[in-house]
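What follows draws every value from the coordinates through simple rules; no lab data is involved. These figures come from a predicted structure and were not determined experimentally. Cβ: placed from backbone, ideal geometry, glycine included. Neighbour counts: every protein chain shown.
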């Protein structure tokens, strides 16, 4: 089987991406990160999901929390804002996070003989993070093939973003077709220790809108309103 590295946060998008990669016939290596995120309970979800999909191997990599500062996902002194429909990049943006994650996925991929990397970013229903845009994915792919032994020898890497142009509704519909149990996933930026979601952050809002729009019962466990 072809090998692929799949970035797996434990959320709705990355789980759909993992299911998609497996459906394409890839033997998947899942890669998750502990980077000081306030919603670290997502890593427990990632473990459950990796086990459920029987991935080839699941890595949970610790990153020095001091690398990511002055953002609401790693600094509990900064409040996670409620969903806002404007186009400004919110305080939940983690500096260069996807660049770092993809770089580590690239190293793992070259090490295990994989030439395909999957990431569950979207530029439709998202918080305007610059590292979720198709331009970024294209540029990283070009860099990957300039920076690696495999790439310069012509054994090229491909970074797949299969959800890139899908709305949250379309992503959920795809996942349901692939048999994803979204009750296993945690998307909230400030989920509590029991994995219950806040209802109001960007991630919760996009998720709720997606299930409603898809006409599918929302399996998310929320804190009491």
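Annotation for segment 92-103: no member residue is in a strand (DSSP E or B), free of Cβ contacts under 8 Å to residues at least 40 places away in the same chain and under 25 Å from residue 143 (Cβ atoms). Filtering 173, 193 for residues that are on the phi < 0 side of the Ramachandran plot and in a helix (DSSP H, G or I) leaves a single hit, 173. The single residue among 105, 139 that is over 22 Å from residue 206 (Cα atoms) and loosely packed, with under 15 Cβ neighbours inside 10 Å turns out to be 139. Taken over segment 108-130, the criterion of being surrounded by fewer than 20 Cβ atoms within 10 Å (Cβ to Cβ) and either without any contact (Cβ under 8 Å) to a residue 24 or more places away in the chain or outside any loop (DSSP other than H, G, I, E, B) (or both) is satisfied by 108, 110, 111, 112, 116, 130. Restrict the check to segment 179-186 and report whether at least one residue is more than 22 Å from residue 57 (Cβ to Cβ), part of a helix (DSSP H, G or I), under 17 Å from the mean Cα position of the chain (by Cα) and touching a residue at least 24 places away in the same chain (Cβ under 8 Å). Taking every residue of segment 179-186 in turn, at least one turns out to be more than 22 Å from residue 57 (Cβ to Cβ), part of a helix (DSSP H, G or I), under 17 Å from the mean Cα position of the chain (by Cα) and touching a residue at least 24 places away in the same chain (Cβ under 8 Å). Within segment 15-28, the set of residues being touching a helix residue (DSSP H, G or I) at 6+ places or on another chain (Cβ under 8 Å), crowded, with 24+ Cβ neighbours inside 10 Å and under 19 Å from residue 157 (Cβ atoms) comprises 18, 28.
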